[in-house]
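J.: Structure provided below as structure tokens; questions to follow.
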Amino acid sequence: MLACEVALHGVPVVVLERLPEIETHPKAEGITGRAIDILDRRGLMAGVDGPPSQPTAEQRTRIAMGERRPDSLQPKAFPGARHFATMFVLRPESPDLLVPQQLLERDLARRAADLGVEVRRGHTLTGFTQNGDGVRLDVDGPDGQYRLQADWLAGCDGGRSTVRKLAGIAFPGTDGITTGYRAFAEIDDPDFHLPGWFRKDNGLLVYEEGPPRFITLEFIGPPASRDAPITLTEFQEALRRLSGTDVTVTKVHKINRFTDNERQAETYRQGRVLLVGDAAHVQSQWSGPGLRLGLGDALNLGWKLAAVARGQCHEDLLDTYTSERHPVGAQTLEVQRASIALMRPGPHVDALRRLFTHLLLDVDTNRRLTAVVDDLHIRYDMDDPSLTGPLVGLYCPDLRLKAANGDAKGALNGGADGTVRLAELQRTGRPLLLDLGADPRLRALAEPWSDRVDVVTAECAEAPADALLIRPDGFVAWSTPADEASLPRALTRWFGHPARVT
Ligand SMILES: Cc1cc2nc3c(=O)[nH]c(=O)nc-3n(C[C@H](O)[C@H](O)[C@H](O)COP(=O)(O)OP(=O)(O)OC[C@H]3O[C@@H](n4cnc5c(N)ncnc54)[C@H](O)[C@@H]3O)c2cc1C
């Protein structure tokens, strides 16, 4: 995703990926909250406007097992409910995307190829040194070792990030207190337990029929070894402990062992080296924060890195990547810790869960928690008091826009109802100055930045302001009411000095 974001602005990118192919082992089964909107704003979502179709639980399992693949990324209305800490019903604002991570990786790989990104599979980064104006990389490729000189290095290399370790960036946080398994497996007695999600005296047991799918969670500390092969016996023992039966596992198709490390890099930038996604933060997988955070990181960093690489902005702009995204990651780790705490067995946590359930019956409280879990609550501190309007720092909703006089570029040739969604306008990855109050002075003020900022004049029934400057990541950088002089300041702050001054 980061490579695509940078390449979108014409900056050459090389991706080094040690795996020769996309990993087939199941990882994420779904994408939630803000991440769905992010994919939509880059045109990576199919059928957002169409009627959602929902796979059955059995189809979902077959998809996760790799037996069946949906054709495209399409959000599905979840027929049941989203949960927090396996119990509390949440009210998501948008449908979830129930697809295996491999599908997202496949679509992103296609997009990267379309954008001219050079993806070198089977190439492992083994070392690097930062030298004045660049980074020299040591790479182990299929034809031996070689060196590569780059201007910038983004470590998107997962929780055990080589880049983070070699950079010596501290990774403080908390160790796991649980061991769990997620498995697609066969058992000798399908009636060994009722299907469903069960809170037990010693943890959590999930059993879904169809092709059987299991999740176990026990508060027995982290696994003794994270790398040891997972044996059928250890999974069977967990299943027996939690079900209180002597069920026998006859075959394991696919299995993951997981714990709940919550750690975050002290900084996301060290000179010309940046960290993104799991390399910057690891989190337990409950409620699916991993992809949401990683996609959010990529969207925040991509346009900034491209602008710096193109010489349009000073490299200080990259410090706003840490100052904006680090607090979001920290908040997520807090939510994940709270969620694990609320899953602990025992009468005290039972009481706490009853209290939470009671509080979450209140619609507003429920919405607030959902917003936090789904990253809908983010307000970036944009670090310039003179630009602080009521909407600055917030994510701009997906406004429906209709062409108005002055839409010189004809960007708003709408659909059947004559409207265009903001998400569609943002697919170019370019910043947008939305003039919703037909004020010709705005276009004149932004003219010096016309090589990098699009101005669109439109009508909008639910306009949150008369004018909005929207960054490529969808966040509002400036909005009315504000004095006119603040618009050029905001344009300069985020998109650099104008190429020519009128
Ligand atoms: C069982 C399981 C279930 C999960 N469920 C969910 C879920 O439902 N929802 C959700 O959002 N998240 C979920 N996650 C988490 C999610 O999978 C991760 O957050 C996500 O994969 C992180 O993406 P990433 O690109 O940052 O890192 P990764 O996906 O780890 O990708 C890093 C890549 O870097 C490559 N690499 C590593 N080192 C090097 C090197 N030195 N040189 C070259 N290449 C290198 C690796 O091969 C890998 O392909 C789950 C994870 C697991 C394991």
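J.: Can you compute the helix-only [θ] at 222 nm over the chain? Use -39500 (n - 2.57) per DSSP H run of at least 4 residues, normalise by all residues, nearest 500 deg cm²/dmol.
T.: Result for the chain: -8500 deg cm²/dmol, rounded to the nearest 500.
J.: Shifting gears a bit: May I ask you to give the percent of accessible area on the range 385-495 that is carbon plus sulfur, with a probe radius of 1.4 Å?
T.: 56
J.: Give me the dipole magnitude in Debye, nearest 20, for the chain about the Cα centre, with unit charges on the beta carbon: positive for Lys and Arg, negative for Asp and Glu.
T.: 340
J.: Which listed residue (196, 123, 43) has the Cα farthest towards the positive end of the charge dipole for the chain, taking +1 on Lys and Arg C-beta and -1 on Asp and Glu C-beta about the Cα centre?
T.: 123
J.: Something else about it: With a 1.4 Å probe and every protein chain left in place, work out the accessible area per residue of the range 242-287 in Å², rounded to a whole number.
T.: Using a 1.4 Å probe on heavy atoms only, each residue of the range 242-287 averages 34 Å².
J.: Also, I was wondering about something else. Ordering 136, 182, 379 from largest to smallest accessible area (1.4 angstrom probe), what's the sequence?
T.: 379, 136, 182
J.: Moving to a separate point now. In 10 Å bins starting at 0, how do the alpha-carbon pair distances of the chain split up by percent?
T.: 4, 17, 27, 26, 16, 7, 2, 0, 0
J.: Angle check, please: helix 289-309 long axis (alpha carbons) against the longest principal axis of the chain (alpha carbons), in degrees 0 to 90, nearest 10.
T.: 30
J.: Another one. Express the carbon and sulfur contribution to the solvent-accessible surface of the range 174-315 as a percent, rounded to the nearest whole number, probe 1.4 angstrom.
T.: On the range 174-315, the fraction of accessible area on carbon and sulfur atoms equals 49 percent.
J.: Another question, if that's okay. Kindly sort 284, 323 by accessible area of their heavy atoms, largest first, with the probe set to 1.4 Å.
T.: Ranked list, largest accessible area first: 323, 284.
J.: Any chance you could list the semi-axes, whole Å, largest first, of the equivalent ellipsoid that the Cα gyration tensor gives for the range 179-258, using √(5λ)?
T.: Square roots of five times the eigenvalues give 18, 15, 11 Å.
J.: Along the charge dipole of the range 197-345, pointing to its positive end and built from +1/-1 on Cβ of Lys, Arg, Asp and Glu, which listed residue (220, 328, 338) has its Cα farthest out?
T.: The one lying farthest along the dipole's positive direction is 220.
J.: Follow-up. Note down the magnitude of the dipole of the range 179-258 about its Cα centre, charges +1 on Lys and Arg C-beta and -1 on Asp and Glu C-beta and zero elsewhere, to the nearest 20 debye.
T.: 360
J.: Please list 497, 281, 326 in order of solvent-accessible area, largest first, computed with a 1.4 Å probe with all protein chains present.
T.: Ranking 497, 281, 326 by accessible area, largest first, yields 497, 326, 281.
J.: Once you have the Cα-Cα distance between residue 381 and residue 231, take 0.36 nm times their residue separation minus that, and quote the gain in nm to one decimal.
T.: Going from the current span to full extension adds 49.2 nm.
J.: Let me ask another. In Å², and per residue, what accessible area does the range 385-495 have when probed at 1.4 Å with the other protein chains present?
T.: 40
J.: Same structure, new question: Excluding ligands, DNA and RNA, what is the solvent-accessible area per residue of the range 95-181 at a probe of 1.4 Å, expressed in Å²?
T.: On a per-residue basis, 48 Å².
J.: Here's a follow-up. Please find the FRET efficiency linking residue 367 to residue 462, where r is the Cβ-Cβ separation and R0 is fixed at 22 Å, and quote it to the nearest 0.05.
T.: 0.75
J.: Highest mean first, what order results for 191-198, 449-456 on Cβ atoms within 10 Å?
T.: The densest-packed peptide leads the list: 449-456, 191-198.
J.: Considering only protein heavy atoms, what is the solvent-accessible area of residue 171 at a probe of 1.4 Å, reported in Å² to the nearest 10?
T.: Residue 171 exposes around 40 Å² with every protein chain in place.
J.: Still on this model: As a test question: what accessible area, to the nearest 10 Å², does residue 15 have when a 1.4 Å probe is rolled over all protein chains in place?
T.: 40
J.: Return the distance in nm (one decimal) between the two label points of a simple spin-label model at residue 359 and residue 115, each offset 7 Å from Cα along Cα→Cβ.
T.: The two pseudo-label positions are separated by 4.0 nm.
J.: Round to the nearest 10 and report in Å² the accessible area of residue 435, as given by a 1.4 Å probe over the protein chains' heavy atoms.
T.: Near enough 10 Å² of accessible area.
J.: Then there's this: Find how many whole Å separate the alpha carbon centroid of the range 215-267 from the alpha carbon centroid of the range 299-315.
T.: Between the Cα centres of the range 299-315 and the range 215-267 lies a distance of 42 Å.
The values are calculated or read from the model by the stated rules, or taken from the named source; none is laboratory data. Since this is a predicted model, take the numbers as computed values, not measurements. We place every Cβ from the backbone using ideal geometry, glycine too, and count neighbours over all the protein chains shown. Note: areas computed on protein heavy atoms with side chains; ligands, DNA, RNA excluded. Shrake-Rupley method; radii C 1.70, N 1.55, O 1.52, S 1.80 Å.
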